[in-house]
Amino acid sequence: MRRFVGILAVFAILATATVAWRAIPNQASTLSGAWLLASVTDTAGNVNEAPQPGLWVITGTHYSMMYVNGNERRERYPGDSPTDAERLAAYNTVTANSGRYEVDGDQLTFRAYVAKNPNYMGDWPDNGVTVTFQVDGDTLHWTWPTEATWPTAADEDDPWSNGSVFTFTRIEGQPAP
């Protein structure tokens, strides 16, 4: 009888642990979707509610992203046949990369497998950029690290390397504005 009670106790503990474990949301699974950059709050508390376009597509283990650098709208080419200088200027206004990501608690690390910037992808798989994040339904917040960990030259005015908070809206199944 004691053995039977002991076995029942073990099953009860395992059942309780399983229910408790399933009740903890899996941060990685809540990241899946298409995310549009909605706002950027700098470390002084200034909020840019109309940032330049940025789109992250996140699956269960991989991501792909593109965004317009800075706060200025991209200039259109003045004609139908842009010069090399105009193409280069336009090329420098966009960042793009894709790869895998890992989640460790509230830390999200991106590792680019392919990137517009060859210096970033060149250190694969040791090219991680880590942000602190939180998902609240269809809103994703992440805080960029205060140290410049992005593998490009850091600019003090660059919001991508100074501890700013980025807010994204899930747009899965909805057209981007």
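Quick notes
- Lone unmet requirement of (1) touching a Ser or Thr at 6+ places or on another chain (Cβ under 6 Å); (2) modelled with pLDDT under 90 for Glu102: (2)
- Unmet requirement for Ala89, which otherwise passes all of (1) over 15 Å from the mean Cα position of the chain (by Cα); (2) loosely packed, with under 14 Cβ neighbours inside 10 Å: (2)
- Some residue of the stretch 66-86 being free of Cβ contacts under 8 Å to residues at least 12 places away in the same chain, in a strand (DSSP E or B) and at negative phi: no
- Residue selected from the stretch 137-154 under the condition modelled with pLDDT of 65 or more and touching a helix residue (DSSP H, G or I) at 6+ places or on another chain (Cβ under 9 Å), by the criterion farthest from Asp126 (Cα to Cα): Gly137
- Residues of the stretch 50-65 classified as surrounded by 14 or more Cβ atoms within 10 Å (Cβ to Cβ) and outside any strand (DSSP E or B), total: 3
- Looking only at residues of the stretch 61-82 that are touching a Leu at 6+ places or on another chain (Cβ under 8 Å) and of a type in the set (A, V, I, L, M, F, W, C), we find that the one that is nearest to Tyr101 (Cα to Cα) is Met65.
- Candidates in the stretch 77-119 are the residues that are in contact with a helix residue (DSSP H, G or I) (Cβ under 7 Å, 6 or more places away or on another chain) and among the β-branched types (Val, Ile, Thr); of these, the one that is nearest to Val165 (Cα to Cα) is Val103.
- Of the residues making up the stretch 159-177, those that are in a loop (DSSP other than H, G, I, E, B) and either crowded, with 19+ Cβ neighbours inside 10 Å or at pLDDT below 75 (or both) are Asn162, Ser164, Gly173, Gln174, Pro175, Ala176, Pro177.
- Count - residues of the stretch 110-136 that are basic (Lys, Arg), outside any loop (DSSP other than H, G, I, E, B) and over 12 Å from the mean Cα position of the chain (by Cα): 0
- Some residue of the stretch 31-49 being at pLDDT 90 or above, on the phi > 0 side of the Ramachandran plot and surrounded by 11 or more Cβ atoms within 10 Å (Cβ to Cβ): yes
The values are calculated or read from the model by the stated rules, or taken from the named source; none is laboratory data. Worth saying up front: this structure is predicted, and the values here are computed from it rather than measured. Please note: Cβ atoms are built from the backbone with ideal geometry, for glycine as well, and neighbour counts cover all protein chains shown.
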